[in-house]
Amino acid sequence: MTRHVHAIQCIGCPVGCGGEVVIEAGAVIEMRGFTCDKGQAYAADEVVAPKRMVTTTVRVDGGTLPLLPVVSERPVPKDAIFDCIRLLRSVVVQAPVEADAIIVADALGLGVNFRAACSIAEA
């Protein structure tokens with residue numbers, strides 16, 4: 001079996017401890033150097049299934065601004081980010097839009113909603 005050792009700098013808290021994650025056959029078999037459970041959970045996810053929050057804009061029709069900032073409610077699998085961006089590029093919302101409104105529900109079947117990051121009034 002092939003073992004891989006990944007050095008990870010944790011971003012889970014202000015301490016920013018570093019450590020190593022040992023992967024064998026796609027599974028975490030050992031973790032070294034992390035000082036808390038949050039760091040271990042972050043590092044394991046980052047190595048096996050990395051995710052990121054997604055923020056972008058969608059077009060607005062009839063609003064005081066031409067673009068509406070949107071953000072994912074939770075992190076999106078890293079390999080699906082550009083597919084989400086392509087989906088959101090095709091979205092046009094009608095003003096007015098309230099902050100926190102769901103703009104796209106269950107994007108790409110990932111179970112992730114995209115919400116408005118601000119309100120936009122009707123022009």
Task: Residue in segment 22-32 that is of a type outside the set (Ser, Thr, Tyr) and touching a Gly at 6+ places or on another chain (Cβ under 7 Å) present - done: yes
Open item on the list: For segment 98-123, give me the residue count where each residue is without any contact (Cβ under 8 Å) to a residue 40 or more places away in the chain and either under 18 Å from residue 63 (Cα atoms) or outside the structural domain of residue 67 (by TED's automatic domain parsing) (or both).
Closed with: 6
TODO: Could you grab me the full set of residues in segment 1-16 that are surrounded by fewer than 17 Cβ atoms within 10 Å (Cβ to Cβ) and either more than 14 Å from residue 45 (Cβ to Cβ) or at pLDDT 90 or above (or both)?
DONE: 1, 2, 3, 4, 5, 6, 7, 9, 13, 14, 15, 16
Open item on the list: Taking the conditions exactly as written (of a type in the set (S, T, N, Q), outside the structural domain of residue 8 (by TED's automatic domain parsing), loosely packed, with under 14 Cβ neighbours inside 10 Å and at pLDDT 95 or above), does residue 90 satisfy them or not?
Closed with: yes
- [ ] Count, please, the residues in segment 35-56 that happen to be touching a residue at least 24 places away in the same chain (Cβ under 8 Å) and not in a helix (DSSP H, G or I).
- [x] 8
Task: Given (1) outside the structural domain of residue 12 (by TED's automatic domain parsing); (2) closer than 30 Å to residue 19 by Cα; (3) touching a helix residue (DSSP H, G or I) at 6+ places or on another chain (Cβ under 8 Å), number of the condition residue 34 does not satisfy - done: (1)
- [ ] Name, by its number, the condition in (1) of a type outside the set (D, E, K, R); (2) touching a His at 6+ places or on another chain (Cβ under 8 Å); (3) assigned by TED's automatic domain parsing to the domain that holds residue 112 that does not hold for residue 84.
- [x] (2)
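The values are calculated or read from the model by the stated rules, or taken from the named source; none is laboratory data. Values in this document were obtained by computation on a predicted structure and should not be read as measured data. Counting neighbours? That spans all protein chains shown, and the Cβs are built from the backbone with ideal geometry, glycine included.
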